[in-house]
């Protein structure tokens, strides 16, 4: 039987973690009777896009994202509705998408999942024609993401440091949200359009979201007093955001979000500047991902 072609695309800066051991770990644990492996190191986000596009054009059987949610996004957008399956070795700062798929753990375990070859069809989405796999949103998380993207230091510690510096100074914004089922207008701290349930690091912004139901979970966090910050953070970790009266939750297949002015949007952890009007749509069961 012919071997399956598999490409590993490594993002060397994802999560601020050293990845020098990755190639030797792949060679040690990958089933070479099943796979013909090609290990590639990306030089930039643009290079990752180029590699992913080439892999799908060449009908590579499996394309492995070695990095975080941003790396997964850059690769998954090309595997969407293609013959190429997505696999993940999660090495980012938060790994929200990978955690929901129960892929988080050691590199050895991730390769063993690849060896098993089992896949699951998951949803993805688009916002103003920009692709996302886990979530997108406006407000505080997008603001923090823009600052984190410009930070020299990577990793969770740097991300949390920016959050604490910005929490008390951030100004909420007025938005109008129209879905296929309802309409909401509010002054918000943030709005998250969620395919998966968490930002990463087990911070659950939409605990009831699943990657396979063809629906987005919308979490609206309205203005709240500063003293509630620890309480809200704790509720996210406990999957109990319904305890917070300033949080509203909706489900929808399509969404139109109108804000006062253009600004950053968080797309799978990466900040993207967008116009004031945002249109979000669903690609149901569009990506085949190798899972346990």
- Message: Six or more apart or on different chains, Cβ atoms under 7 Å: show the pairs whose first residue is in the range 48-65 and on the phi > 0 side of the Ramachandran plot and whose second is outside any helix (DSSP H, G or I) and modelled with pLDDT of 95 or more.
- Response: 59/83; 59/84
- Item | Residues of the range 241-263 classified as over 24 Å from residue 168 (Cβ atoms) and assigned to a loop (DSSP other than H, G, I, E, B), total | 3
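For the range 73-87, state whether one or more residues are more than 29 Å from residue 254 (Cα to Cα) and either surrounded by 17 or more Cβ atoms within 10 Å (Cβ to Cβ) or out of contact with any helix residue (DSSP H, G or I) (no Cβ under 9 Å at 6 or more places or on another chain) (or both).
No, because not a single residue in the range 73-87 is more than 29 Å from residue 254 (Cα to Cα) and either surrounded by 17 or more Cβ atoms within 10 Å (Cβ to Cβ) or out of contact with any helix residue (DSSP H, G or I) (no Cβ under 9 Å at 6 or more places or on another chain) (or both).
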- Does residue 221 satisfy the condition of being touching a strand residue (DSSP E or B) at 6+ places or on another chain (Cβ under 8 Å), over 13 Å from residue 197 (Cβ atoms), part of a strand (DSSP E or B) and in the same structural domain as residue 203 (by TED's automatic domain parsing)? yes
- Query: If you check 214, 234, which single one turns out to be in a loop (DSSP other than H, G, I, E, B), in the same structural domain as residue 147 (by TED's automatic domain parsing) and either over 20 Å from residue 173 (Cβ atoms) or modelled with pLDDT under 95 (or both)?
  - Reply: 214
- Among strands (runs of 3 or more DSSP E) completely within the range 72-170, the ones holding 1 or more residues that are more than 27 Å from residue 190 (Cβ to Cβ) and in contact (Cβ under 8 Å) with a residue 60 or more places away in the chain are 85-90, 119-127
- Query: Taking the range 196-232, which residues are surrounded by 19 or more Cβ atoms within 10 Å (Cβ to Cβ) and in contact with a helix residue (DSSP H, G or I) (Cβ under 9 Å, 6 or more places away or on another chain)?
  - Reply: 196, 197, 198, 199, 200, 204, 205, 206, 209, 211, 219, 221
- Message: As an exercise: evaluate residue 193 against (1) surrounded by fewer than 22 Cβ atoms within 10 Å (Cβ to Cβ); (2) assigned to a strand (DSSP E or B) and give the number of the one condition it does not meet.
- Response: (1)
- Message: Criterion first (modelled with pLDDT of 95 or more, surrounded by 17 or more Cβ atoms within 10 Å (Cβ to Cβ), in contact with a helix residue (DSSP H, G or I) (Cβ under 6 Å, 6 or more places away or on another chain) and outside any helix (DSSP H, G or I)) does residue 60 satisfy it?
- Response: no
- Item | Residue selected from the range 1-26 under the condition under 17 Å from residue 87 (Cα atoms) and part of a helix (DSSP H, G or I), by the criterion modelled with the lowest pLDDT | 14
- The correct count of residues that are under 24 Å from the mean Cα position of the chain (by Cα) and either part of a strand (DSSP E or B) or under 13 Å from residue 114 (Cα atoms) (or both) in the range 27-55 is 3
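The values are calculated or read from the model by the stated rules, or taken from the named source; none is laboratory data. If you're wondering where the values come from, they're calculated on a predicted model, not measured in any experiment. Quick reminder, even Gly has a Cβ in these numbers, built from the backbone with ideal geometry, and neighbours come from all protein chains shown.
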